[in-house]
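Student: I have a structure here, written as structure tokens, and I will follow up with some questions on it.
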Amino acid sequence: MTQEYRIEFDSMGEVEVPANALYGAQTQRAVNNFQISGQGFTNEFLEAVALVKYAAADVNAELGALEREDAEAIKQACELILRREYLDQFPVDVYQTGSGTSTNMNVNEVIAKLANDILGEKRIHPNNHVNFGQSSNDVIPTAIRISTALQTERRLLPALEAMQASLLEKAQEFSGIVKTGRTHLMDAMPVTFEQVFQAYASQLEQCTERLVQTLPRLCALPQGGTAVGSGVNRHPAFASKVAHAIGKKTGMHFTETKNHIAAQGTADVPLELSGQLKSVAMALYKLCNDLRWMNSGPNNGLGEIQLKALQPGSSIMPAKVNPVMEEAMAMVCSQVVGFDSANTMAAASSQFELNVMQPLLAHNLLEAIRLLSNGCDHLREFSVQHIQVNKQHVEESLDKNPILVTALNPLIGYDLAAKVAKKALSEKRALIDVALEMTDLSKHELEQALDPLKMTQPGI
């Protein structure tokens, strides 16, 4: 079918726009110019931009800069976007102008059209009304902070807290079961499964704490800086009132940034969040790798735990089952690290009064939060909650661990202990039997000293 068009105008002249599109000329120019990835912004980011427009209209009406009826029409149009209606009207590619101006104008144009439909006449202008007192240069970095703060609080933190709780439940379930510890992937002194799973939970708890500490800086909004951070063309009270209005609308505490030029001219705070997300990824990556190692086998690996069998593991080897959820999560973590590298380059693109890789930061941060949240939920639900310990195999392996001789160091000295361990290993004999032959310690003394459970606690 032949596409029908209408003619729209902007400061550069006329543009053909699809007849049924709600957007106008500036959006269409961006669609024509940036056919790069075919990937648009996430719903969460578009909602954050609409949230800025909602708050700005409300505040501008309060300050006498907009007619109340016009502001109410703009707010109603924003509500439609916040309800995720008309999301097909935001076609601009992520890879666009570095300020995100194309997306800001896309939202302005759609809101203006919807507002005019509500009013029944064409009197709301995308720039003069919807964008009043604003610039793409403060709207887009503000939307980045709003969307990532909300998604961190509503999605990622609950996912991490649920994982911590699941790991602590497993720690309690495995209480008292001692396993061989490992350093350099080699046998080391024993630890309990309880200690191991508590350590995983503790690592994620620290990640959570760091994310929470980042949130206040993320919630300090650049909105109100307008073009270069100086606040030209907006009311002096606009910035603080908009931050308050956004906080009231979302239930999250947003404030005005202390320095608008710094907030718009750098990406320090988004980069801080990116680094914290990378730390989360590394914590989950370690968890996945440890689980894969402990599950390895079933006959020729460590075989200490049994992960839930989720699907056949090979197209050619029958009965093979792989740790697929851990592998999927490891890929998520690797991608988040890649995002952080790109975000570092984006932050480096801060020249004078503007960072010019805002769209990339928005996309990468929200995608990282989404992947980590979903991946964490899947790993917990399909793997961690179902872990079982192969207790008999763990105990048998522990009894053969020559490193337990370390507990004899205070009693017989390092050199003799090393000889005992080497002989036990070479002759494949129990450590206690060799120690009985080579030391003056009684069997009772050796049983007390070589109790693996006692070795998992401080003391001699």
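The values are calculated or read from the model by the stated rules, or taken from the named source; none is laboratory data. Note that the structure is a prediction, hence the values are computed from the model and not measured. Cβ placement follows ideal geometry from the backbone for every residue including glycine, while neighbour counts extend to all protein chains displayed. Protein only, heavy atoms only, side chains kept; ligands, DNA and RNA dropped before computing areas. Shrake-Rupley method; radii C 1.70, N 1.55, O 1.52, S 1.80 Å.
Student: Looking only at residues that are within 11 Å of Ile111 (Cα to Cα) and charged (D, E, K, R) in segment 65-79, which one is most open to solvent (accessible area, probe 1.4 Å)?
Tutor: Glu79
Student: Given the conditions (1) in contact (Cβ under 8 Å) with a residue 12 or more places away in the chain; (2) over 21 Å from Leu453 (Cβ atoms), which single one is not true for Ile432?
Tutor: The number of the failed condition is (2).
Conditions tested, residue by residue: (1) assigned to a helix (DSSP H, G or I); (2) touching an Asp or Glu at 6+ places or on another chain (Cβ under 7 Å); (3) not aliphatic (A, V, I, L, M).
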{"position": "Asp93", "(1), (2), (3)": "no, no, yes"}
{"position": "Met105", "(1), (2), (3)": "yes, no, no"}
{"position": "Asn108", "(1), (2), (3)": "yes, no, yes"}
{"position": "Ile118", "(1), (2), (3)": "yes, no, no"}
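Student: I've got another one for you. Mind checking which pairs have a first residue in segment 4-29 that is farther than 19 Å from Ile124 by Cβ and hydrophobic (A, V, I, L, M, F, W, C) and a second that is open to solvent by 50 Å² or more (accessible area, probe 1.4 Å) and in a strand (DSSP E or B), Cβ under 7 Å, 6 or more apart or different chains?
Tutor: Once the first residue is farther than 19 Å from Ile124 by Cβ and hydrophobic (A, V, I, L, M, F, W, C) and sits in segment 4-29, its partners that are open to solvent by 50 Å² or more (accessible area, probe 1.4 Å) and in a strand (DSSP E or B) give Ile7/Glu14; Ile7/Glu16; Ala19/Tyr5; Ala19/Arg6.
Student: Let me ask something else about it. Quick check: anything in segment 253-268 aliphatic (A, V, I, L, M), over 17 Å from Val332 (Cα atoms) and open to solvent by less than 30 Å² (accessible area, probe 1.4 Å)?
Tutor: yes
Student: Is at least one residue of segment 230-252 at positive phi, buried (at least 16 other Cβ atoms within 10 Å of the Cβ) and polar (S, T, N, Q)?
Tutor: Looking through segment 230-252, none of the residues is at positive phi, buried (at least 16 other Cβ atoms within 10 Å of the Cβ) and polar (S, T, N, Q).
Student: A further question on this structure: From the list Ile177, Ile146, which one is at pLDDT 95 or above and under 16 Å from Arg217 (Cβ atoms)?
Tutor: Ile146
Student: Here is a follow-up. Of all residues in segment 307-327, how many are in a helix (DSSP H, G or I) and out of contact with any helix residue (DSSP H, G or I) (no Cβ under 7 Å at 6 or more places or on another chain)?
Tutor: Qualifying residue count, segment 307-327: 2.
Table: residues versus (1) surrounded by fewer than 18 Cβ atoms within 10 Å (Cβ to Cβ); (2) of a type in the set (Ser, Thr, Tyr).
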site: Ser166; (1), (2): no, yes
site: Gln172; (1), (2): yes, no
site: Tyr200; (1), (2): no, yes
site: Cys219; (1), (2): no, no
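Student: Any idea how many residues of segment 390-419 are closer than 30 Å to Gly297 by Cβ, open to solvent by 100 Å² or more (accessible area, probe 1.4 Å) and among the acidic types (Asp, Glu)?
Tutor: Final tally of qualifying residues: 1.
Student: Quick check: anything in segment 326-347 open to solvent by less than 40 Å² (accessible area, probe 1.4 Å) and over 22 Å from the mean Cα position of the chain (by Cα)?
Tutor: For segment 326-347, residues open to solvent by less than 40 Å² (accessible area, probe 1.4 Å) and over 22 Å from the mean Cα position of the chain (by Cα): absent.
Student: Scan segment 114-142 for residues that are of a type in the set (A, V, I, L, M, F, W, C) and within 17 Å of Asp58 (Cα to Cα) and jot them down.
Tutor: Once the filter is applied, which keeps residues that are of a type in the set (A, V, I, L, M, F, W, C) and within 17 Å of Asp58 (Cα to Cα), segment 114-142 yields Leu114, Ala115, Ile118, Leu119, Ile124, Val130, Phe132, Val139.
The rows are residues; the columns are (1) of a type in the set (A, V, I, L, M, F, W, C); (2) more than 18 Å from Ala188 (Cα to Cα); (3) open to solvent by 80 Å² or more (accessible area, probe 1.4 Å); (4) assigned to a loop (DSSP other than H, G, I, E, B).
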position	(1), (2), (3), (4)
Ala421	yes, no, no, no
Ala424	yes, no, no, no
Asp433	no, yes, no, no
Glu447	no, yes, yes, no
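Student: Residues being of a type outside the set (A, V, I, L, M), part of a helix (DSSP H, G or I) and touching a His at 6+ places or on another chain (Cβ under 9 Å): count how many of those fall in segment 27-73.
Tutor: Count: 3.
Student: Can I ask one more? Quick one: which helices (runs of 4 or more DSSP H) sit completely within segment 206-306 and have at least 2 residues that are out of contact with any strand residue (DSSP E or B) (no Cβ under 6 Å at 6 or more places or on another chain) and closer than 30 Å to Val394 by Cβ?
Tutor: Fully inside segment 206-306 and qualifying: 268-295.
Student: Looking only at segment 76-90, which residues are free of Cβ contacts under 8 Å to residues at least 40 places away in the same chain and either of a type in the set (A, V, I, L, M, F, W, C) or in a helix (DSSP H, G or I) (or both)?
Tutor: Listed by number, the residues that qualify are Cys78, Glu79, Leu80, Ile81, Leu82, Asp88.
Student: Here's something else I'd like to know. So for segment 50-64 (the condition being buried (at least 24 other Cβ atoms within 10 Å of the Cβ) and over 34 Å from the mean Cα position of the chain (by Cα)), does at least one residue qualify?
Tutor: Among the residues of segment 50-64, at least one is buried (at least 24 other Cβ atoms within 10 Å of the Cβ) and over 34 Å from the mean Cα position of the chain (by Cα), which makes the answer yes.
Student: Keeping to segment 288-311, report how many residues are among the acidic types (Asp, Glu) and out of contact with any Ser or Thr (no Cβ under 9 Å at 6 or more places or on another chain).
Tutor: Residues flagged as among the acidic types (Asp, Glu) and out of contact with any Ser or Thr (no Cβ under 9 Å at 6 or more places or on another chain) within segment 288-311 amount to 1.
Student: Regarding segment 350-361, can at least one residue be identified that is of a type in the set (Ser, Thr, Tyr) and more than 30 Å from Leu291 (Cα to Cα)?
Tutor: yes
Student: Tell me whether segment 181-191 contains one or more residues that are part of a helix (DSSP H, G or I), open to solvent by less than 10 Å² (accessible area, probe 1.4 Å) and not aromatic (Phe, Trp, Tyr).
Tutor: No: segment 181-191 contains no residue that is part of a helix (DSSP H, G or I), open to solvent by less than 10 Å² (accessible area, probe 1.4 Å) and not aromatic (Phe, Trp, Tyr).
Student: What is the one condition in (1) of a type outside the set (Gly, Ala, Ser); (2) within 30 Å of Ala263 (Cα to Cα); (3) open to solvent by 10 Å² or more (accessible area, probe 1.4 Å) that Pro141 does not satisfy?
Tutor: Of the numbered conditions (1) of a type outside the set (Gly, Ala, Ser); (2) within 30 Å of Ala263 (Cα to Cα); (3) open to solvent by 10 Å² or more (accessible area, probe 1.4 Å), the odd one out for Pro141 is (3).
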